[in-house]
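The values are calculated or read from the model by the stated rules, or taken from the named source; none is laboratory data. Please read these numbers as outputs of a predicted model, since none were measured by experiment. Ideal geometry is used to build each Cβ from the backbone, glycine not excepted, and the neighbour counts take in all protein chains shown. Note: accessible area is taken over every heavy atom of the protein model, side chains too, but ligands, DNA and RNA are not part of it. Shrake-Rupley method; radii C 1.70, N 1.55, O 1.52, S 1.80 Å.
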Amino acid sequence: MQTFNHLITTRPHEVRQVFISDLHLSPEEPALVQAFLALLDDCLALPVLKRLFILGDWFEVWIGDDAYLALSDDARQTHWLTPLIAKLKQLRINGCEILVMHGNRDFLLGQPFCNLFGGELIDEPHMLTIGQQHYRLEHGDALCTDDKKYQFFRKIMRNRLTQWYLLNKSLKKRLAIAEKMRQKSQHNNANKAAHIMDVNDEAVIQAVANSDALLHGHTHRPDTHQATTDKKRYVLGDWRLLNKDTRKPTVSAVIGVMIANAHSDSNKANFELVEFSSLV
């Protein structure tokens, strides 16, 4: 796997699509926010970039679009999300589609927030053709079927009635609920076997049945797997702060890129995983 400090070094005139997931952005982790802004700067410099996919867990927690939309103009000027929105809006103006998928941390994210930068909230699974290959895109938590308790929790949280109930609570109440859920999740995961929190092989085989490849995040275990004898499973990585106690901390993430030579047949486009590293 190749490592790049800037995406513009990965054959800039050939990068057509970029795929990221599990950024877990929050004001408590400014280094991750800065790394994402750096990635957006790179995306703005890619001359033929057509799509940016964010495949879930963009934010560490999302309690509703109104947490930002209800802010006054003065409050927005100093909010940590505002620079992010500005760069995404410029990227969309440049002609790049921004496609956002829910994760298990930000399932309350709505289209109104995405409208601020011209983005589109997409359902999972999302089917995408790259070259002559048909890719199935999803966050990945639905594939972890061995974790029965989580799947039951996921079913409840993805229910529209549950989401309506949560969004009609006050922001303060929603924050308290989110914090309680986060603490409970950390406690439960600490006592689970590692394989339970990974994808189930049979679930993967079923997911990839009508496509040529599967692309997801969620598990924080970036790699390329052979899903079946002729189909691959690509796992995107979470965004991590490395060497944070040194003078040169970095943020590292395994992301996906779709490459297509401008002078060749579009059917020859291909997908690959690369490591994006950003010096904080």
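Observations
- For the stretch 18-41, a tally of residues being assigned to a loop (DSSP other than H, G, I, E, B) and within 16 Å of Phe271 (Cβ to Cβ) returns 1.
- Given (1) out of contact with any strand residue (DSSP E or B) (no Cβ under 9 Å at 6 or more places or on another chain); (2) within 26 Å of Lys173 (Cβ to Cβ), number of the condition His102 does not satisfy: (1)
- Index of the failed condition, Tyr135 passing every other in (1) under 27 Å from Asp212 (Cα atoms); (2) of a type in the set (Phe, Trp, Tyr); (3) modelled with pLDDT under 95: (3)
- Test set (1) acidic (Asp, Glu); (2) open to solvent by less than 70 Å² (accessible area, probe 1.4 Å); (3) over 23 Å from Leu40 (Cβ atoms) - Asp106 fails condition number: (3)
- The set of residues from the stretch 178-212 being of a type in the set (A, V, I, L, M), in contact (Cβ under 8 Å) with a residue 24 or more places away in the chain and within 14 Å of Thr145 (Cα to Cα) comprises Ile196, Met197, Val199, Ala203, Val204, Ala207.
- Qualifying positions in the stretch 161-172 - assigned to a helix (DSSP H, G or I) and either touching a helix residue (DSSP H, G or I) at 6+ places or on another chain (Cβ under 9 Å) or aromatic (Phe, Trp, Tyr) (or both): Thr162, Gln163, Trp164, Tyr165, Leu166, Leu167, Leu171
- Residue that is surrounded by 13 or more Cβ atoms within 10 Å (Cβ to Cβ) and farther than 17 Å from Glu138 by Cβ, where the choices are Leu161, Leu167: Leu167
- Picking from residues in the stretch 82-130 that are among the polar types (S, T, N, Q) and assigned to a loop (DSSP other than H, G, I, E, B), the one that is nearest to Gly64 (Cα to Cα) is Asn104.
- Strands (runs of 3 or more DSSP E) fully within the stretch 183-280 counting 1 or more residues that are closer than 27 Å to Cys96 by Cβ, open to solvent by 20 Å² or more (accessible area, probe 1.4 Å) and of a type outside the set (A, V, I, L, M): 223-228, 231-235, 240-242, 250-259, 270-279
- The residue list Leu71, Leu44 contains one member that is assigned to a loop (DSSP other than H, G, I, E, B), modelled with pLDDT of 95 or more and more than 16 Å from the chain's Cα centre (by Cα), which is Leu71.
- Qualifying residue in the stretch 140-151 (condition: among the hydrophobic types (A, V, I, L, M, F, W, C), surrounded by fewer than 18 Cβ atoms within 10 Å (Cβ to Cβ) and modelled with pLDDT of 95 or more): no
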